[in-house]
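Read the structure below first, then the notes.
The values are calculated or read from the model by the stated rules, or taken from the named source; none is laboratory data. All values derive from a computational prediction rather than experimental measurement. Don't worry about glycine lacking a Cβ; one is built from the backbone with ideal geometry, like all the others, and counts go over all protein chains shown.
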Amino acid sequence: MTENRRDRLRELLDAVLDEQHATLGAMADAAYASPFHFSRTLSSGAGEPPVALRRRVMLERAAWRIAHGTSVTDAALEAGYESVDGFARAFARAFGHPPSATTSGTGHRLPAPNGVHFHPPTNLWIDGDGGRPTAHELVATLVHHDVADTAALLEYVSGVDPAALHHRRPGHTVLPWDGPEESVFDLLAATVWTKEVWLAAIEGADQPQRCTRDIAALAARHTEVAARWVAMVRRSDENGAWSDRVVDALCEPPESFVLGGIVTHVLTFSAHRRLLARSWLRESGTDIDDGDPLDWLARRSTS
């Protein structure tokens, strides 16, 4: 994860929920802001005043702790209450039952205008804007990151020393039937070619030839196949076709493969090749990012 990336909302939430910040003034001081500015900023960003947010999350934490064996007295003190009676009254108002009736089955979440909740054992959970993501949204994220990261790698290596790009590691293979992949260029060429091969099998087209040594041509081929690959995945998801079987006549003898397995296979070995390419580039002295999907998603959310 990029160390210099700032998440201002998380910084404000940290100031609210720190054990030592029981008052609005202490929260604001930790965030280097005036109480008025701190309260206005957090209320705007989180939809809940900081003191109310802290009280609610601390009660959620207390409910979880009690359900997992912490005494009501200890939970009250941890939540910042000066008396057990005051804690019990606040708890009962929030949850509809006394702390002593709390079990693992009663749950620990309270209604929240912002989706910010206590997440055991010590973290926060922030619900997404659209509710629970569906399986097709997860697939889309994986597929789009794969093609975006491949494109970023191809753009990056177009400017590196050709000696680093084509430095050979004799005998190296990723999958025996794909042949040798002995350089960074070979790994990237195989990443592009694999999608072309599987699309040819799905579409009944001829076997494509692998690109050799021309990084500009490889980048152009990736742009073309990435669009087709994403469209194929989208159609398959919309049609509920993940369990359909593709008879690959390009194999000798022909074999059949489950469509969902094909996509999983491609994503798995594409990720392996991209990470390996980065490792080999670093060995040659090239400074390159990690290809972390978390960084990619963060850039997308701010662009």
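Yes/no matrix, rows are residues, columns are (1) within 22 Å of Leu165 (Cα to Cα); (2) of a type outside the set (A, V, I, L, M, F, W, C); (3) touching a Gly at 6+ places or on another chain (Cβ under 9 Å):
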| position | (1), (2), (3) |
| --- | --- |
| Trp198 | no, no, no |
| Ala220 | yes, no, no |
| Met232 | no, no, no |
| Asn239 | no, yes, no |
| Asp244 | no, yes, yes |
| Gly260 | no, yes, no |
| His265 | no, yes, no |
| Leu294 | no, no, no |
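Counting only residues that are within 19 Å of Gly261 (Cβ to Cβ) and in contact (Cβ under 8 Å) with a residue 12 or more places away in the chain, which one in segment 166-189 is surrounded by the fewest Cβ atoms within 10 Å (Cβ to Cβ)?
Applying the filter and picking the extreme gives Leu175.
Let me spell it out: the conditions are (1) in contact (Cβ under 8 Å) with a residue 60 or more places away in the chain; (2) assigned to a loop (DSSP other than H, G, I, E, B); (3) surrounded by 13 or more Cβ atoms within 10 Å (Cβ to Cβ), and Cys211 meets all of them except one. Which number is the exception?
Among (1) in contact (Cβ under 8 Å) with a residue 60 or more places away in the chain; (2) assigned to a loop (DSSP other than H, G, I, E, B); (3) surrounded by 13 or more Cβ atoms within 10 Å (Cβ to Cβ), the lone unmet condition for Cys211 is (1).
Can you tell me which residue is surrounded by the fewest Cβ atoms within 10 Å (Cβ to Cβ) among those in segment 84-98 that are small (Gly, Ala, Ser) and free of Cβ contacts under 8 Å to residues at least 12 places away in the same chain?
Gly96
Looking only at segment 21-80, count how many residues are at positive phi and either under 29 Å from the mean Cα position of the chain (by Cα) or loosely packed, with under 15 Cβ neighbours inside 10 Å (or both).
3
Residues being over 19 Å from His222 (Cα atoms) and outside any loop (DSSP other than H, G, I, E, B): count how many of those fall in segment 161-207.
Just the residues of segment 161-207 that are over 19 Å from His222 (Cα atoms), to begin with: 161-164, 167-177, 179-180, 182, 204.
Add one more test, that the residue is outside any loop (DSSP other than H, G, I, E, B), and what stays is 162-164, 173, 176-177, 180.
Number satisfying all stated conditions: 7.
Show me the helices (runs of 4 or more DSSP H) entirely contained within segment 2-84 in which 1 or more residues are at pLDDT 80 or above.
Because the criterion is at least 1 residues that are at pLDDT 80 or above, the helices (runs of 4 or more DSSP H) in segment 2-84 that meet it are 24-30, 35-46, 50-67, 72-78.
Inside segment 160-207, can you point out the residues that are modelled with pLDDT under 90 and more than 32 Å from the chain's Cα centre (by Cα)?
Gly204, Ala205, Asp206, Gln207 - these are the residues of segment 160-207 that are modelled with pLDDT under 90 and more than 32 Å from the chain's Cα centre (by Cα).
Only one of (1) exposed (fewer than 13 other Cβ atoms within 10 Å of the Cβ); (2) at pLDDT below 90 is not met by Ala249, so which one is it?
Status for Ala249: all satisfied but (1).
Among the residues of segment 169-205, write down those that are in contact with a strand residue (DSSP E or B) (Cβ under 9 Å, 6 or more places away or on another chain) and polar (S, T, N, Q).
Thr173
Mind checking which pairs have a first residue in segment 25-43 that is in the same structural domain as Asn114 (by TED's automatic domain parsing) and a second that is charged (D, E, K, R) and crowded, with 17+ Cβ neighbours inside 10 Å, Cβ under 8 Å, 6 or more apart or different chains?
Taking only residues 6 or more apart or on different chains, the pairs are Met27/Arg54; Leu42/Glu48.
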